[in-house]
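So the structure is just underneath, and the comments pick up after that.
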């Protein structure tokens, strides 16, 4: 039998004067990582460092930043009422996501992941909104939520009830945040549904069957068996949901621009308003840094708290 | 605001919503620029707009208010030429502000003429009214959100929204604009 070409290659690699396989391995790893690292540095790390730098300046975005104001921008952020409002709105959206959107997704996952007839059809339908771009979603829902019953679908249906006045979904400061939340839920529940369905599929049927044989009721089965076994998926889903809510921008900006009168302002729309509409890029950078710190703090605390080194393994 | 004169949901209304309300004859008045008649036609349900029913009048004078009722607030186009632009750029600007070109632009509905004699190209009665109103003005103020630096102009817009939403008083709105202006000058 002839020697295989592979072993000849290996022999060639080990010839003196060449690079040892181990070093060569490292070189290959380095070369493969290099493009990603360059992109990461140029488009992520460097801009973040730049933002940190600009956040110490009063800078309109033209020419070099020269007016050094130290921590003035940060002082202004922390004392600005509209920023407080943006934080509170952010917390409300996060809270509603965790208390309403995720349980809703889990309930649907229990249904379509299991015994519902035609579940493939429902799975597709439920996941579809997640595939839409945020811009399309925003334009579509702005139209659906139009206050004029002859133009907005929701009010057209609502005003069929005798005596019902059209609801000003996006124009009433007291309602607008709920309207935004409805759209966010519509857009993202399919994603969490998919996570939960994958998690449910990982639970061995035998465990459930054993529990049923032992006489567990349906609520017991859910709370004592399914929920604990799903906990790593739930942690992942909560993590992604909180970060997603904190950073949500496109939908809100396109539907309301944070208005009316800042009623749907969140940190990202606030940042955009000051940074790019008012051309106060120093201040906008400072807002971005505050946002980054809040998200980072949450990430670190959350991962620490749950000691979840494999936080994506639940997928 | 006390008159409750605005359409339902006006705080969240887009320019498209507004043009639709006007184009379909569901609104009596609109504070808008010379581009509006065309948009009313495009956004109307039957595609014809208001036709002869559309007119123009100057903003009513407030008793004891400053300024003359004929003063104009508006805008239109400004042209900025780079420091390294070739001389042809200046020639082009001279051309588009010539009487013949202004007439041609008015005829295709591109702009309301700003040069004397250019009004000969206007046929739309409401645009003629707008042109005459602007021509008769002794004082012309560019839109404040364009006239002021972006950091102040955007505060003007937000403060006005606060006024109409009833979340701030006229004094607070004026104060917010003043504060932004002072901060910008620093």
> In the list B:39, B:85, B:66, which residue meets the criterion of being in contact with a helix residue (DSSP H, G or I) (Cβ under 8 Å, 6 or more places away or on another chain) and not assigned by TED's automatic domain parsing to the domain that holds residue B:147?
Replying inline: B:39
> How about the range A:135-159: which of its residues are within 23 Å of the chain's Cα centre (by Cα) and either crowded, with 18+ Cβ neighbours inside 10 Å or not in a helix (DSSP H, G or I) (or both)?
Replying inline: A:137, A:138, A:141, A:142
> Since residue B:180 meets every condition but one in (1) in a loop (DSSP other than H, G, I, E, B); (2) more than 22 Å from residue B:31 (Cβ to Cβ); (3) within 14 Å of chain A (Cβ to nearest Cβ), which condition does it not meet?
Replying inline: (1)
> For the range A:160-266, which fully contained helices (runs of 4 or more DSSP H) count at least 3 residues that are buried (at least 16 other Cβ atoms within 10 Å of the Cβ) and more than 14 Å from chain B (Cβ to nearest Cβ)?
Replying inline: A:176-201, A:231-247
>> Exactly one of these conditions fails for residue A:153: (1) touching a helix residue (DSSP H, G or I) at 6+ places or on another chain (Cβ under 9 Å); (2) closer than 26 Å to residue A:92 by Cα; (3) at pLDDT 90 or above. Give me its number.
In response: (2)
> So which residues in the range B:160-177 are more than 10 Å from every other protein chain (Cβ to nearest Cβ) and assigned to a helix (DSSP H, G or I), if there are any at all?
Replying inline: B:160, B:170, B:171, B:172, B:173, B:174, B:175, B:176, B:177
> Of A:274, A:270, which residue is crowded, with 17+ Cβ neighbours inside 10 Å, at pLDDT below 90, in a helix (DSSP H, G or I) and within 14 Å of chain B (Cβ to nearest Cβ)?
Replying inline: A:274
> Quick one: residue B:69 ticks every box in (1) within 20 Å of the chain's Cα centre (by Cα); (2) modelled with pLDDT of 85 or more; (3) in a loop (DSSP other than H, G, I, E, B) bar one, so which box is it?
Replying inline: (2)
> In the range B:3-26, which residue that is surrounded by fewer than 17 Cβ atoms within 10 Å (Cβ to Cβ) and over 24 Å from residue B:166 (Cβ atoms) is farthest from the other protein chains (Cβ to nearest Cβ)?
Replying inline: B:25
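The values are calculated or read from the model by the stated rules, or taken from the named source; none is laboratory data. All values reported here derive from a predicted model rather than from experimental measurement. Because the Cβ atoms are built from the backbone with ideal geometry, glycine has one as well, and the counts that use them run over all protein chains shown.
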